[in-house]
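*Asks:* One structure, as structure tokens, below. Some questions next.
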Amino acid sequence: MTNPLTTRENRFQVDTSIIRHLIFSQAGTLHKALLELVMNSLDAQCEKVLVDISEDMRSIVVSDDGVGFKTIDDIEKLFGTFGFDHQTEEELSRGRNYGRFGLGRAQCLAFGSTVWTSNQFTMTVDLKGNSSSDLPYIIQEHADIKHKGCKIELSLYDAMSVYDKRELLSVLRRMAKYVQTEVVVDGCRVNEDISSVKWSASNEDFLFLNANSQRGLSIYNKGVLVCTYSHSKFGVSGDITSIDKNFAVNMARNDVLITECELFKRIGGFIKPFAEKKTKKIFTDEDRKYWLAKLFSGQCVHADVSSKRLCQNADGKYATLRSMYQHANGILIAAPDRLLQNKGMLAHRRQEAFCLSASFLDMHGFNSLEDFVSDLNNALDSYHPFSKKFKAASFDDTVRNANDASVRLGEGELSKIDKVRLTAVQSMYSMLLEEMLEVEQSGNFDFRRHLSDVNEQSRVVCLGRSETSNGWTDGVNYIAINVDYMRDLFDRGYNGIIKLMGLLVHEQCHDSETMSSHFHSAEFYEKFHNVMRNINTFTIASKCIEKYLRECKKINRRLSDREMRKTFDTYEKLVGLAN
Ligand SMILES: Nc1ncnc2c1ncn2[C@@H]1O[C@H](COP(=O)(O)OP(=O)(O)O)[C@@H](O)[C@H]1O
Ligand SMILES: [Mg+2]
């Protein structure tokens with residue numbers, strides 16, 4: 001490169017017009033703007049902040065009893081300058097808790113004209129009223145103290161609605177939840193008294209309140225909400241607030257600058273006992289996400305998760321990594337969608353592969369089965385808990401021959417005894433439907449409401465053969481029961497009959513066909529639950545057995561001893577006890 005003719009080092013300049021843009025184009029919500037004012041009051045070491053909304057909802061006053069602005073110099077430096085250095089000795093000595101950038105107060109300027117009254121000074125700003133590109137404000141000094149501390153009267157450009165007002169209260173209640181100074185909005189205190197909160201744990205950095213739910217972990221910077229991380233990030237939900245150290249937050253104050261924030265890095269260790277505490281609570285998807293992410297990122301090893309059922313198969317059941325491996329020598333497939341889960345399960349049952357559920361990869365953030373398998377193998381690499389690695393197999397190739405051969409059997413294909421049993425099951429089915437209707441007519445309104453969702457239209461109950469299902473239906477005309485399954489259940493006496501009843505109700509609650517896809521929505525479970533809760537299980541089962549015995553007599557078939565025992569064991573014991 002040739003020598004330059006001239007060299008000048010220049011400085012970027014900032015035109016005031018960018019400030020106007022920053023204020024008007026980047027303004028968040030009025031609620032956030034007011035929160036900024038509240039935080040300024042807290043930074044001014046006040047004892048109390050009041051936020052009052054006028055009756056006509058056109059103006060809002062935020063006032064505090066803190067240090068306020070003391071001199072004209074102060075005003076020009078702190079009020080009249082956007083974005084100033086907070087790290088100088090002088091600024092550090094002011095002991096701010098929240099202020100970092102010198103921009104927060106600008107947000108409210110977008111929502112209305114303001115009069116700031118602080119000690120003997122007033123400052124007046126109206127950016128919409130004065131559209132010149134420089135940003136004028138007027139300072140006046142008065143002979144006497146007008147307000148000890150600082151008071152900001154905001155005359156809104158657009159009046160608030162009743163909804164806005166209510167929202168404001170709830171947002172401030174949420175955002176300023178654990179602030180240690182009293183914050184009162186329209187006469188209501190919005191922050192909690194942190195000394196009377198029953199914290200689950202504390203140390204010199206944090207106070208933590210465990211929520212025992214899945215709603216996520218909310219991070220509060222010295223009592224002010226920053227953001228909420230999903231349950232799976234830390235394996236816990238609840239509230240955590242820093243006590244007297246600050247989280248490094250971004251300019252919008254809605255996230256932590258994770259890589260540079262030392263305080264944030266200490267959260268994980270602090271709340272770990274809660275994430276990993278063995279409680280009776282159900283192990284949820286969020287917990288599974290947490291543990292798999294930990295395993296994949298090297299924060300834990302196989303031994304830590306070996307007893308946890310982390311992986312869901314296409315039937316909705318969960319398996320440990322070991323049982324997932326042992327199922328088919330580490331070969332995995334993933335159902336591409338819910339409709340194909342049944343097909344996948346055929347291959348799964350034949351132990352040709354372990355078939356992951358259709359939602360599994362997506363839920364854990366994997367684009368493909370290959371990605372999952374490669375992360376899994378990497379995570380397990382260091383000490384080989386299994387003999388070989390997991391392998392991703394092609395779903396289509398694996399299930400190619402797995403055609404479900406579910407067929408319904410005709411009368412001619414049934415043995416005598418199967419026919420007898422089917423008759424008993426059919427009579428049970430009629431009783432079930434009758435009971436559903438009876439309850440309806442008896443005026444149990446609650447049940448009727450639920451019943452109206454259950455299609456009580458009668459279907460033909462028949463037998464069939466299937467590799468995948470114990471029972472299936474087309475949702476309208478028939479309910480088929482796997483003949484092997486029925487035989488097995490009849491051998492189990494009362495318990496088996498009650499299981500069969502559950503199957504019939506289950507299929508009846510399905511109002512679409514269940515062969516190709518078998519999906520259970522929350523509504524389905526509700527229906528099923530409501531029916532099962534309201535039918536006379538014992539009476540129906542007894543009558544079914546009665547019918548069975550009568551039908552057996554008709555064909556001169558005696559029950560085997562085993563069948564007798566299973567069927568009447570409990571009953572006889574009861575009779576024995578009663579006598
Ligand atoms: N209510 C107040 N009482 C006293 N000083 C205030 C008040 N509000 C704002 N200030 C001063 O104005 C400065 C600028 O406020 P702001 O724009 O919110 O930026 P930051 O809070 O990041 O410093 C504050 O740092 C503070 O020195
Ligand atoms: Mg501020």
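Each value in this text was obtained by applying a stated rule to the coordinates, not by laboratory testing. In this text, all values refer to a predicted model and were calculated from it rather than measured experimentally. A quick note on method: Cβ atoms are made from the backbone with ideal geometry, for glycine too, and the neighbour counts reach across all protein chains shown.
*Asks:* Got a sec? Charge dipole of the chain, +1 on Cβ for Lys and Arg, -1 for Asp and Glu; which of MET428, LEU156, ASN130 is way out at the positive end?
*Replies:* MET428
*Asks:* Out of every Cα pair in segment 59-148, what percent are spaced more than 21 Å from each other? Don't jump to the answer; show the numbers that get you there.
*Replies:* On the way: 1369 of 4005 pairs.
Result for the distance tail: 34 percent.
*Asks:* A follow-up question, please. Could you give each residue of segment 79-85 its phi-based ³J(HN,Hα) in whole Hz, using Karplus coefficients 6.51, -1.76, 1.60 with θ = phi - 60°, and x for Gly or Pro?
*Replies:* Using θ = phi - 60°, the values come out as 8, x, 10, 8, x, 10, 6 Hz.
*Asks:* Between LYS389 and THR259, what's the calculated FRET efficiency when r is the beta-carbon distance and R0 is 45 Å? Round to 0.05. Before the final figure, lay out each step's value.
*Replies:* Working: r = 33 Å, r/R0 = 0.73.
Computed FRET efficiency for LYS389 and THR259 comes out at 0.85.
*Asks:* Okay, moving on. With a point put 7 Å past each Cα toward its Cβ, work out how far ASP158 is from SER25 in nm, to one decimal.
*Replies:* Those two pseudo-labels are separated by 1.9 nm.
*Asks:* Can you give the charge dipole size of the chain about its Cα centre, rounded to the nearest 20 debye, using +1 on the beta carbon of Lys and Arg and -1 on the beta carbon of Asp and Glu?
*Replies:* Numbers: 74 positive and 78 negative charges, 552 e Å.
For this selection, approximately 2640 debye.
*Asks:* State, to one decimal in nm², a quarter of the convex hull surface area for the C-alpha atoms of segment 280-399, i.e. the direction-averaged projected area.
*Replies:* Working: hull surface 27.7 nm².
Computed as one quarter of the Cα hull surface, the answer is 6.9 nm².
*Asks:* With label points built 7 Å along Cα→Cβ from the Cα atoms of ARG465 and LYS148, find their separation and express it in nm.
*Replies:* Rounded to a tenth, the inter-label distance reads 9.5 nm.
*Asks:* State, in angstrom, two size descriptors of segment 99-174 derived from its alpha carbons: Rg to one decimal place and Dmax to the nearest whole number.
*Replies:* Every Cα atom of segment 99-174 included, Rg and Dmax give 14.6, 41 Å.
*Asks:* Segment 201-276: Rg/Rh from Cα coordinates, Kirkwood Rh? Intermediate values should be presented prior to the final figure.
*Replies:* Details: Rg = 11.2 Å, Rh = 12.2 Å.
On the Cα set of segment 201-276, Rg over Rh gives 0.92.
*Asks:* For GLU434 and SER170 in one chain, what is 0.36 nm times their gap in residues minus the Cα-Cα distance, to one decimal in nm?
*Replies:* Net length gain for the segment: 89.9 nm.
*Asks:* Over the Cα atoms of segment 452-513, what radius of gyration and what Dmax do you get, in Å?
*Replies:* Gyration radius and largest Cα-Cα distance of segment 452-513: 11.6, 35 Å.
*Asks:* Can I ask one more? Calculate, for ILE18 and GLN457, the FRET efficiency according to 1/(1 + (r/R0)^6) with r their C-beta to C-beta distance and R0 60 Å; round to the nearest 0.05. Walk me through the numbers before you get to the answer.
*Replies:* Working: r = 69 Å, r/R0 = 1.15.
Calculated transfer efficiency: 0.30.
*Asks:* What FRET efficiency would be calculated for the residue pair PHE101, ASN495, taking the C-beta separation as r and a Förster radius of 45 Å, to the nearest 0.05?
*Replies:* Values: r = 69 Å, r/R0 = 1.54.
Taking R0 as 45 Å, the efficiency between PHE101 and ASN495 is 0.05.
*Asks:* Here's a follow-up. Pull out the extension gain between ASN556 and ALA522, defined as 0.36 nm times the separation in residues minus the alpha carbon to alpha carbon distance; nm, one decimal. Can you show the working numbers first?
*Replies:* Details: separation 34, 0.36 × 34 = 12.24 nm, distance 4.62 nm.
Here the segment from ASN556 to ALA522 would lengthen by 7.6 nm.
*Asks:* If you build the convex hull over the alpha carbons only and average its shadow over all orientations, what do you get for the chain? Give it in nm² to one decimal.
*Replies:* Details: hull surface 179.6 nm².
With the hull built on Cα positions only, its mean projection is 44.9 nm².
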